[in-house]
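> Before I ask anything, let me first share the structure, which is written out below as structure tokens.
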Amino acid sequence: MKRLLIILFVILLLLAGCSTEAPKVIDVPETHEVNEDSALGSSGEENEPVNDNENTTGQQTKIEEQPAEEPSITEEPVKETQEPVTIEETVITEGPSSTEKPIEESEDAQEGDNNVLKIKGLLENELKLTLNDLKAMKDIIFEADFYSLNSYGTTGYTHFKGVKLWELLEKKALIKPEAAKITITAQDGYSMEFTIEQVKMEYMDETNPDNKYPMIIAWDENDKEYSTDDGAPYKLVVGQKEPGDVNKPQWVSNIDVIVIE
Ligand SMILES: Nc1nc2c(c(=O)[nH]1)N[C@H]1C(S)=C(S)[C@@H](COP(=O)(O)O)O[C@H]1N2
Ligand SMILES: [Mo]
């Protein structure tokens, strides 16, 4: 019995030792797992820096993306601001063009008026002449190089073709004997006034004293007809009364109306 009791005691001790060893063995793997975890942690730390790098790069990319998004966001408002600007520009360009179109239309509407030279007042025959009407007056056409002197002392020669104004008034408009003065007014309001005697007289050229020039209504300058796009295609051309006469300011362009009083 003592042997049996001793054996049983030893078995109990062994069982107890095994139970104590077994947890130890179990603890060892746990520590291994912890070590593996730490190893994984180290590898995780290696991965973490990588991840950090990735994260930083990711953050950088994210930062880059965010700034990229932010600029894109700011670019979008810029685009939005640019788009309204371009829209405003197009609106602006459309504005003038749209305003130009009515002007062009009004200009087109005025072209008929641009082409008409009105002569009225003390006349038996008040006239509304077209450019073709003037060109058809072969008997009173005059053509020459006119010398000009302006108020700044600038001089020059310009070739003009037109009709003699006095003969137009005398032969075509049948000017009345009591007429004393003539007012020639342009579309821009520029106006010159002459006595009838100044319309009748012949003018000179200080560089060609022997030449005589009538006052004319010209439609052709340097062998080129005026375009009605530039206004009424009629210009008053006057020579010099005497040497030094500043005659160019008298050259009324775009004549609208001639009034006899
Ligand atoms: N319709 C019109 N004609 C005008 C003027 C003007 O302002 N309007 N200026 C006059 C003046 S002062 C001069 S010097 C000449 C200038 O002619 P140019 O524009 O052919 O140089 O045009 C004259 N005829
Ligand atoms: Mo002038």
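We did not get these values from a lab; they are worked out from the coordinates using the rules stated. Bear in mind the structure is a predicted one, so any value in this text is a computation, not a measurement. In this analysis, Cβ positions are derived from the backbone assuming ideal geometry, glycine residues included, and neighbour counts consider all displayed protein chains.
> What's the total number of residues in the stretch 129-154 that are surrounded by fewer than 12 Cβ atoms within 10 Å (Cβ to Cβ) and in contact with a strand residue (DSSP E or B) (Cβ under 6 Å, 6 or more places away or on another chain)?
Within the stretch 129-154, residues that are surrounded by fewer than 12 Cβ atoms within 10 Å (Cβ to Cβ) and in contact with a strand residue (DSSP E or B) (Cβ under 6 Å, 6 or more places away or on another chain) number 0.
> Would you check if VAL257 is in a strand (DSSP E or B), within 35 Å of the chain's Cα centre (by Cα) and within 14 Å of ligand 1 (Cβ to nearest atom)?
Yes; evaluated as a whole, the condition is true for this residue.
> Under the condition of being in a strand (DSSP E or B) and over 18 Å from GLU221 (Cα atoms), which residue from the stretch 128-171 is farthest from ligand 2 (Cβ to nearest atom)?
Residues of the stretch 128-171 that are in a strand (DSSP E or B), as a first pass: 128-129, 141-149, 155-164.
Now drop any that are not over 18 Å from GLU221 (Cα atoms), which leaves 128-129.
Values: LYS128: 29, LEU129: 27 Å.
It comes out as LYS128.
> Looking only at the stretch 172-191, filter to residues that are in contact with a helix residue (DSSP H, G or I) (Cβ under 8 Å, 6 or more places away or on another chain) and not in a loop (DSSP other than H, G, I, E, B); which one of those is nearest to ligand 1 (Cβ to nearest atom)?
In this case the residue turns out to be ILE182.
> Considering only the stretch 229-253, state which residues are away from ligand 2 (no atom under 15 Å from the Cβ) and under 38 Å from the mean Cα position of the chain (by Cα).
Correct list: ASP229, ASP230, GLY231, ALA232, PRO233, TYR234.
> Please find, within the stretch 120-162, the residue that is farthest from ligand 1 (Cβ to nearest atom) out of those that are out of contact with any Leu (no Cβ under 6 Å at 6 or more places or on another chain) and of a type in the set (Ser, Thr, Tyr).
Per the stated criteria, the residue is THR130.
> Pairs under 6 Å by beta carbon, first residue farther than 13 Å from ASP245 by Cβ and touching a residue at least 40 places away in the same chain (Cβ under 8 Å) in the stretch 143-163, partner within 9 Å of ligand 1 (Cβ to nearest atom) and assigned to a strand (DSSP E or B), six or more apart or different chains?
If the second residue must be within 9 Å of ligand 1 (Cβ to nearest atom) and assigned to a strand (DSSP E or B), the pairs left are PHE160/GLU221.
> Here is a further query. Hey, any hits in the stretch 180-203 for a residue that's on the phi > 0 side of the Ramachandran plot, away from ligand 2 (no atom under 16 Å from the Cβ) and within 32 Å of the chain's Cα centre (by Cα)?
Taking every residue of the stretch 180-203 in turn, none turns out to be on the phi > 0 side of the Ramachandran plot, away from ligand 2 (no atom under 16 Å from the Cβ) and within 32 Å of the chain's Cα centre (by Cα).
> Looking at LYS235, LYS241, LYS224, LYS212, can you tell me which residue is of a type in the set (Lys, Arg), under 21 Å from ILE141 (Cβ atoms) and out of contact with any Asp or Glu (no Cβ under 8 Å at 6 or more places or on another chain)? Full working, then the answer.
Values: LYS235 fails: out of contact with any Asp or Glu (no Cβ under 8 Å at 6 or more places or on another chain); LYS241 fails: under 21 Å from ILE141 (Cβ atoms); LYS212 fails: out of contact with any Asp or Glu (no Cβ under 8 Å at 6 or more places or on another chain).
Result: LYS224 is the single residue among LYS235, LYS241, LYS224, LYS212 that is of a type in the set (Lys, Arg), under 21 Å from ILE141 (Cβ atoms) and out of contact with any Asp or Glu (no Cβ under 8 Å at 6 or more places or on another chain).
> Among the residues of the stretch 163-185, how many are within 21 Å of LEU134 (Cβ to Cβ), touching a Leu at 6+ places or on another chain (Cβ under 9 Å) and not β-branched (Val, Ile, Thr)?
Number satisfying all stated conditions: 7.
Each row is one residue, and each column tells you yes or no for (1) surrounded by 15 or more Cβ atoms within 10 Å (Cβ to Cβ); (2) among the aromatic types (Phe, Trp, Tyr); (3) under 29 Å from GLU124 (Cα atoms); (4) touching a Phe, Trp or Tyr at 6+ places or on another chain (Cβ under 9 Å).
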residue: LYS164; (1), (2), (3), (4): yes, no, yes, yes
residue: PRO177; (1), (2), (3), (4): no, no, yes, no
residue: ILE184; (1), (2), (3), (4): yes, no, yes, yes
residue: GLN198; (1), (2), (3), (4): yes, no, yes, no
residue: TYR203; (1), (2), (3), (4): yes, yes, yes, yes
residue: ASP210; (1), (2), (3), (4): no, no, no, no
residue: ASN222; (1), (2), (3), (4): no, no, no, yes
residue: LYS235; (1), (2), (3), (4): yes, no, yes, yes
residue: ASP256; (1), (2), (3), (4): yes, no, yes, yes
